[in-house]
Amino acid sequence: MRQRHLVVCIVALGALAGGCVWSVPQPMLVREPRPERIALRIGVYYSPEFRSFTYRHHVTDTAWKLGEPSVRLFGEALALLFTDVVELARPGSNQGPRADVAGVIEPTIVSAGFMFPTMEAARRDQKVCFPLHLTYHFTLYSPQGEPVTAWDVSGSECAPVGNPLRTHATLKESFEQVMREDAFTFVSGFRDIPNVRRWLTEQGID
């Protein structure tokens, strides 16, 4: 009964917050264990769509700004992974190739969202939580703007329901957690992407 009452309170609070825009705080990058730094100068392109990415919940009409925190997070992640990182215009744009970078990485957000706990789960005394996910897509380009490879990094979280008054704080913390895990997966698994390994070999990196 308590769980069902909790779910009703949470959904009601979500409805009252309709139209609000929440900014996810800056997630802290997981830096240990540190990856072996790649001795290359890499470019990164953050599109306007990526910078301004906002997830809007379809029921409560609440919005969650994920773009700018992601820009800061992956700026730190790339700086941890490469010896030098420079922000560039879109790969293959009219500005021409960059001969001083080994490649350009473009991140995008392809999927993000969360669900409110269900009454069905509460009735069955199952775990009552907020299922939340975030998926990034990365494309590695040559300096000439030709795609080298692309891959996804996805994370999920099921934040346990607690105090209904902390619903939005819980969701912000969960988004931070998933973003942090995705960034760590990107850094720690970068060399494991088959076409990335091939590209690194072509750059003279073992």
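Side notes on the structure shown:
- Here's how it looks for residue 38: its modeled amide H is under 5 Å from those of 82, 83, which are all 5 or more places away or on a different chain.
- Protection proxy ranking of 179-192, 146-159, by the mean of other Cβ atoms within 10 Å over each peptide's residues and highest first, is 179-192, 146-159.
- The amide H of residue 30, built 1.01 Å from its N in the peptide plane, has 184 as neighbours under 5 Å, considering only residues 5 or more places off or on other chains.
Bear in mind that the values in this text are calculations on the coordinates, not laboratory data. All figures in this text were calculated on a predicted structure; none of them were measured in a lab. Cβ: placed from backbone, ideal geometry, glycine included. Neighbour counts: every protein chain shown.
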